[in-house]
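Comments concern the structure below.
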Amino acid sequence: MSSLGPVVYWRPHGGLRHALWPPELPRAGQTRETVCGSTITLTDPSEVDWLDPTCPTCMDKARQLRDERDRRSKK
């Protein structure tokens, strides 16, 4: 079994957990575009921040990306 790497990275921001595009690892201080199209500046999340609900748009897109990648890898 080989790992294809992450489909997205998750980071809390503004009360929601958002998906970020790979391949760049998310780091505090970066300005990044989320999968849902927002531009955010990353901070170091607290343990409590991870309890925020997930952005539904990011989750839907992340699932689509995962499913597309799984289909391609099975060919």
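The values are calculated or read from the model by the stated rules, or taken from the named source; none is laboratory data. Note that the coordinates shown come from a computational prediction; the quantities given were computed from them, not determined experimentally. Cβ: placed from backbone, ideal geometry, glycine included. Neighbour counts: every protein chain shown. For the accessible areas, the whole protein counts, side chains as well, though only heavy atoms, and no ligand, DNA or RNA atoms are used. Shrake-Rupley method; radii C 1.70, N 1.55, O 1.52, S 1.80 Å.
Some notes on this structure:
- Surface exposure of the chain, expressed per residue as accessible area with a 1.4 Å probe, stands at 70 Å².
- Net charge of neighbours whose Cβ lies under 11 Å from the Cβ of Pro26, counting Lys and Arg as +1 and Asp and Glu as -1: +1
- Fraction of accessible area attributable to carbon and sulfur, the chain (%, probe 1.4 Å): 51 percent
- When the helices of the chain are scored as -39500 (n - 2.57) per DSSP H run of n ≥ 4 and the total is divided over every residue, the value at 222 nm lands at -8000 deg cm²/dmol.
- Amide H contacts of Thr54 (H built 1.01 Å from N, under 5 Å, at least 5 apart or other chain): Arg17
- Mean separation of Cα contacts under 8 Å, 6 or more apart, over the residue count of the chain: relative contact order %: 29 percent
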